[in-house]
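The values are calculated or read from the model by the stated rules, or taken from the named source; none is laboratory data. These figures come from a predicted structure and were not determined experimentally. Heads up, the Cβs are rebuilt from the backbone with ideal geometry, glycines too, and the neighbour counts pull from every protein chain shown.
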Amino acid sequence: MALLDFLARKKKDDTATVVPVLPKDIYAEGQLNLADTIAPAALKVSAKELQLGEKMSRTFYTISYPRFLTDSWFTPIINLARVFDIGIFVHPIETGQALRNLQKKTAEVQSQISEREEKGFVRDPMLDTAYQDLEGLRDNLQQAQEKIFDLGLYITIYGESKEELDKIEGELRGVLDAKLVYTKPALFQQEQGFRSTLPLANDELAVNSKMNSSPLSSIFPFVSFDLTSDHGILYGINRHNASLILFDRFSLENYNSVVFAKSGSGKSYAVKLEILRSLMFDTDVIVIDPEREYEYLAEATGGRLFNISLSSEHHINPFDLPVVRQDENPSDILRSNIITLVGLFRIMLGGLSPEEDAIIDRAVTETYALKDITGDADFTGVEPPLLSDFESVLSGMEGSQSLVQRLSKYTHGTWSGFINQPTNVDINKQFVVFSVRDMEDELKPVAMYIVTHFIWNAVRRELKKRLLVIDEAWWMMKSEDTASFLYSLAKRGRKYYLGVATITQDVEDFLRSPYGKPILTNSSIQLLLKQSPTTIEVLKDIFNLTDEEKYLLLESGVGEGLFFAGLKHVAIKIVASYTEDQIITSDPSQLLAIRKEKQRQESTERV
C-alpha cells in the first residue's frame, strides 16, 4: 500500500491517530512496489510533529521576509549538518492581476499618508517607504522587468525524539531569525506539511508570500561549491552538502598535488585510497615509501615492491642513462644527466666547494667517455659505467684526494653494496613501490634522490599516464639538491603525462626550503587534513584561509580537512568501502588482525 494512499485513507480525530500498514492490504494488491518499500511501518500524526516508524519529523513554513534579501542568504540553511527536506513552491501570478492588486494597495497607502497630513501628524517613514516600493514595483511590472509570484517555503526536519527535534528547530530558526526571516510550525497541519516537502510537487500547505523576481532568485538553493565532474575518481564526501567529490587530476593545468597533515590524521590513507581507485582507470603508479606503508597495497593489487637498503638485493646504478627519443638530442640528455650526478655527489659527499664541483663535473664526463658515451652519438643500449669506474677516473685527477677519500665508503666501505652495482630493478608493472624504510637515516635523502632519478628516466622512456607518490617528502626537502630535483619533476612532469604527489607532515620544513613554495604553486591539487596549532598559522597565510577554515582544520577528525582543486576548495571527508579499508589501512591493530587471519587461512590450507 503506497504511503500517500494510507495517508489519504486514514481517519482524522482530535487525538493522535496510528494507522498501521497491514500485510494483508499489500497482499490484496498483488504486488510490492517502491512506495510499499519506503513506507514506514506506522504513522502517528500529532499537532506539532509526525512519527514515521522510529523517526520523527516536524514541518515549518515561512511567514515573513525582510525588505531586502541578499544573495545566498539561504546558504547557511542548505549547508546545515542536519537531515531535513525543503520544499520551494513558486506559483506565477498574471501580471495584469498583480498590477490591479498593487494599484489598490498603493491607493490604500496613499490614502493613509494623506489622512495623516490632513490631521497634522508627523509623517510615518514606514508608509513613505511602502509607497515608494509599491510604485517602483508597479513601474517594473509595467515595463516587464519584474514578475510577481506566490512563494511557499517549507522545511521538514527529522530526529529520533522530540528533544532532538527541539534542538534542530532552535538551530534552524536561530539562523533564519538572524536574517529577519520568520517561520512557524505547521500546527495541526503536519501531515500536509510533510507531504508538501516530499518530491511530489504538491503544495498542500498553501502558505504563500508575494515576492517579485529579484528576491526570489536569491532563494535558489544550489549555492555550495561542488567538485563533481563527469570523469575522475571519488576523493571523498563534501562536508558542506554531502555531495560527492569526483575529480580527475589529469584534467587540470598540471597533474601535481601536495598533502599536508599532522601525524595520524589520515594522509597516507587518503593517498592510498586515491592510488587504489586510480589503478582501476589504467594509471600507472610509482611510490617512494619511507615507512613501508604501501607493501600490503602492492601485494593486494599485484604490484611490485623493491626494498632499497644497504643489504638489499635490489640495486640502482646512478650512472644509468635514459633512452634517447627521436625528438631529443643525445648531448642534451648526457649534459642533463651529468648535472644530476653532480647534485647527487654533492649530497653524498656532504657538500662541494666550487673547485671540487668542477673536478666532479669533469670526472663524470670522462667516466662516461671511457664507455664511449658522448654527446656526439646515440648511446642507447651502451652499458653505463659504475661508481667504481668513476672513482678510478677521479683518483687520477689533481686535487681530488679529499674527494676520493670521502667517496671510498660508497665503493669499498660499509655502504659499498648500495649503489656500486649494475641496475637489476624492473618497473614494468602498473603499481611499483620503492621502500627505503630499512635505509639508514643518513642515506635516505641519497636513496630517494637516486630512486627518483631512476623513475624520471623510466618516465621519459615511454609516454604513459603515471602518478609518482613521494611520501614523507620532507626527507627530500632537507637538501637543496634533492629539493631542486623534486621541483624540476613537478615542473616538467606534465610534458610526460606524469603527476607528482608529495606528502609531508613537517609543513614548516617543507616550506622553509626555497623550493617548497614553488612546488606548492605548481600543484593544482592540495589536500589539507587535520593540522597542529604550531603550523596552522603558516598554512593560513599560504592558502589565504578564513578563520572558519582555520578552526575546521584544527578540529577535524581523521580523514577530514580541505580539498583544493584549481580555484575551488571544499571541506572533505575521506570515505572508503570496507574492502578498500582492509587493503589500505595503516592502523596497527587492523594490520595485526589481518596478518593473524592470513596465517590462520594458510595453516587451514596446509591441513
Single match in 481, 426 (criterion: of a type outside the set (Lys, Arg) and farther than 24 Å from residue 381 by Cβ)
481
Failed condition for residue 232, given (1) in contact with a Phe, Trp or Tyr (Cβ under 7 Å, 6 or more places away or on another chain); (2) over 30 Å from residue 559 (Cβ atoms); (3) surrounded by 16 or more Cβ atoms within 10 Å (Cβ to Cβ), with all others met?
(2)
Unmet criterion (only one of (1) at pLDDT below 80; (2) in the same structural domain as residue 286 (by TED's automatic domain parsing); (3) of a type outside the set (A, V, I, L, M, F, W, C)) for residue 601
(2)
In segment 386-410, which residues are buried (at least 19 other Cβ atoms within 10 Å of the Cβ) and under 46 Å from the mean Cα position of the chain (by Cα)?
386, 387, 407, 410
Anything in segment 459-474 that is touching a residue at least 40 places away in the same chain (Cβ under 8 Å) and either among the charged types (D, E, K, R) or surrounded by fewer than 23 Cβ atoms within 10 Å (Cβ to Cβ) (or both)? List them, or say none.
460, 461, 464, 465, 466, 471, 472
For segment 260-290, the count of residues that are crowded, with 24+ Cβ neighbours inside 10 Å, of a type in the set (Lys, Arg) and outside any helix (DSSP H, G or I) equals 0
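How about segment 170-184: which of its residues are surrounded by fewer than 18 Cβ atoms within 10 Å (Cβ to Cβ) and either within 31 Å of the chain's Cα centre (by Cα) or not hydroxyl-bearing (Ser, Thr, Tyr) (or both)?
170, 171, 173, 174, 175, 177, 178, 179, 180, 184
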For segment 554-567, indicate whether the set of residues that are among the β-branched types (Val, Ile, Thr) and at pLDDT below 85 is non-empty.
no
Can you confirm whether residue 345 is crowded, with 18+ Cβ neighbours inside 10 Å, among the aromatic types (Phe, Trp, Tyr) and in a loop (DSSP other than H, G, I, E, B)?
no
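Taking segment 190-201 as the region of interest, how many residues are surrounded by 13 or more Cβ atoms within 10 Å (Cβ to Cβ) and touching a helix residue (DSSP H, G or I) at 6+ places or on another chain (Cβ under 9 Å)?
Residues in segment 190-201 being surrounded by 13 or more Cβ atoms within 10 Å (Cβ to Cβ) and touching a helix residue (DSSP H, G or I) at 6+ places or on another chain (Cβ under 9 Å): 4 in total.
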Filter pass, residue 334 being within 38 Å of the chain's Cα centre (by Cα), closer than 20 Å to residue 455 by Cα and crowded, with 18+ Cβ neighbours inside 10 Å
no
In this structure, is residue 473 within 32 Å of the chain's Cα centre (by Cα), of a type in the set (Gly, Ala, Ser) and under 23 Å from residue 528 (Cβ atoms)?
yes
Residue 192 - would you say it is modelled with pLDDT under 85, closer than 24 Å to residue 64 by Cβ, not in a loop (DSSP other than H, G, I, E, B) and not small (Gly, Ala, Ser)?
no
Which listed residue is under 38 Å from the mean Cα position of the chain (by Cα), of a type in the set (Gly, Ala, Ser) and closer than 18 Å to residue 67 by Cβ, from 217, 161
217
Going through segment 367-385 one residue at a time, which ones are surrounded by 15 or more Cβ atoms within 10 Å (Cβ to Cβ) and not in a loop (DSSP other than H, G, I, E, B)?
367, 368
Just one of 353, 309 is surrounded by fewer than 17 Cβ atoms within 10 Å (Cβ to Cβ), under 25 Å from residue 446 (Cβ atoms) and either modelled with pLDDT under 85 or not aliphatic (A, V, I, L, M) (or both); which is it?
353
